[in-house]
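*Asks:* Dumping the structure here so I can ask a few things about it.
Where a number appears in this text, it was derived from the coordinates with a stated rule and is not lab data. Predicted, not measured: the structure shown is a model, and the values here were computed from it. Every residue, glycine among them, receives a Cβ derived from its backbone with ideal geometry; neighbour counts consider all protein chains shown.
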Amino acid sequence: DTGVSQNPRHKITKRGQNVTFRCDPISEHNRLYWYRQTLGQGPEFLTYFQNEAQLEKSRLLSDRFSAERPKGSFSTLEIQRTEQGDSAMYLCASSTRTGSRETQYFGPGTRLLVL
Amino acid sequence: KNQVEQSPQSLIILEGKNCTLQCNYTVSPFSNLRWYKQDTGRGPVSLTIMTFSENTKSNGRYTATLDADTKQSSLHITASQLSDSASYICVVSQGSSNTGKLIFGQGTTLQVKP
């Protein structure tokens, strides 16, 4: 499978615990994005990497959230001291720019439930 | 404020019928507009992408239109199938953004019934 993969697919945790999600992008893609999607809404941008550099972070990404892409390949998104409001689908997407066009390919997402 | 709004919020149609989904945006400067299909519990999958100069793009039974003057787009689905049941998301990319950050609509949930 050469698509974007995410692990785990589902995560249930208690409030206050830390969680970490992983995203493996399509191998030749140098751009990687994290989004959060709540029920009935479109995805909201969280952060973006070009290779290993984190170039942009949304104000939605509070201090409890941190993302890394240490070798410019896979990425992790960690949420510390989870809150019930963090319950959502966390989507990862990767892309490579061709001219002025860029298509982001999404992974299946990690669904987080904070009890 | 850069926004993408879609209508209707949800839609139920019978198998074999056609339907049209609407998207209005207030994103400036505009780079391109895409329609994504998102099956329940899955990530979005790109259906079409249109730049400023393109006003129609087809992908099988899906046809997207774009009116850059009125900042409106539509997605027309012909001869619907049960597998078309999904959320359809309109996404606009800002021309000034070097990051490729996309602005998503809230989606239209389509249910095709037999």
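*Asks:* For Cα pairs less than 8 Å apart in space and 6+ apart in sequence, what is the mean separation divided by the residue count of the range A:35-103, i.e. the relative contact order in percent?
*Replies:* Relative contact order, the range A:35-103: 28 percent.
*Asks:* What FRET efficiency do you get for A:Leu39 and B:Ala68 if R0 is 35 Å and r is their Cβ-Cβ distance, rounded to the nearest 0.05?
*Replies:* So the FRET efficiency works out to roughly 0.65.
*Asks:* Find the cysteines in chain B that fail to meet the 4.7 Å Cβ criterion with every other cysteine, and list them.
*Replies:* Cys with no partner Cβ under 4.7 Å: B:Cys19.
*Asks:* Please give the contour-minus-distance gain from A:Ile26 to A:Lys14: 0.36 nm per residue of separation, less the Cα-Cα distance, rounded to one decimal in nm.
*Replies:* Answer, rounded to one decimal: 1.1 nm.
*Asks:* How big is the equivalent ellipsoid of chain A along its three axes, where each semi-axis is √(5λ) from the Cα gyration tensor, reported in whole Å from largest to smallest?
*Replies:* Taking √(5λ) for each Cα gyration eigenvalue gives 23, 14, 13 Å.
*Asks:* Each residue of the range A:68-84 in order: what ³J(HN,Hα) in whole Hz does its phi give by Karplus 6.51 cos²θ - 1.76 cosθ + 1.60, θ = phi - 60°, with x for Gly and Pro?
*Replies:* Result, ordered by residue: 9, 8, x, 10, x, 10, 6, 10, 10, 10, 10, 10, 9, 6, 4, 10, 4 Hz.
*Asks:* Related question: Let's test the formula: R0 of 22 Å, r as the Cβ-Cβ distance of A:Ala53 and A:Glu83. What FRET efficiency results, to the nearest 0.05?
*Replies:* Calculated transfer efficiency: 0.15.
*Asks:* Turning to a different aspect of this structure: Once you've got the GNM for chain A with C-alpha springs shorter than 10 Å, pick whichever of A:Gly72, A:Gly85, A:Gly40 has the biggest mean-square fluctuation.
*Replies:* Fluctuation is largest for A:Gly40.
*Asks:* Under the rule of at least 5 residues apart or a separate chain, name every residue whose amide H is placed under 5 Å from the amide H of A:Gly3.
*Replies:* For A:Gly3, whose amide H was placed from the backbone, there are no distant partners under 5 Å.
*Asks:* Can you work out the FRET efficiency for the pair B:Asp39 and B:Ser7, with r the C-beta to C-beta distance and R0 = 30 Å, to the nearest 0.05?
*Replies:* 0.90
*Asks:* In peptide B:31-44, how many Cβ atoms from other protein chains are near each Cβ within 10 Å, on average?
*Replies:* For peptide B:31-44, the averaged partner shielding equals 4.
*Asks:* Using a cut-off of 15 Å between beta-carbons, work out the net charge of the residues near B:Glu15 (Lys and Arg +1, Asp and Glu -1, B:Glu15 not included).
*Replies:* Spelling it out: positives minus negatives among the neighbours equals +2.
*Asks:* With the crude spin-label approximation of a point 7 Å out along Cα→Cβ, what separation in nm comes out for B:Asn18 versus B:Ser46?
*Replies:* 2.7
*Asks:* Which of these, A:Leu46, A:Leu60, A:Leu91, has the largest mean-square fluctuation under a Gaussian network model of chain A (Cα springs below 10 Å)?
*Replies:* Its mean-square fluctuation being the largest, the pick is A:Leu60.
*Asks:* Given B:Lys17/B:Lys57; A:Lys14/A:Lys71; B:Lys37/B:Lys71; A:Lys14/A:Lys57; A:Lys11/B:Lys1; B:Lys1/B:Lys71, which pairs have Cα atoms separated by over 23 Å?
*Replies:* Violating the 23 Å limit, Cα to Cα: A:Lys14/A:Lys71; A:Lys14/A:Lys57; A:Lys11/B:Lys1.
*Asks:* So for chain A, averaging the separation of alpha carbon pairs under 8 Å that are six or more residues apart and normalising by length, what relative contact order in percent results?
*Replies:* Once divided by the residue count of chain A, the mean separation gives 36 percent.
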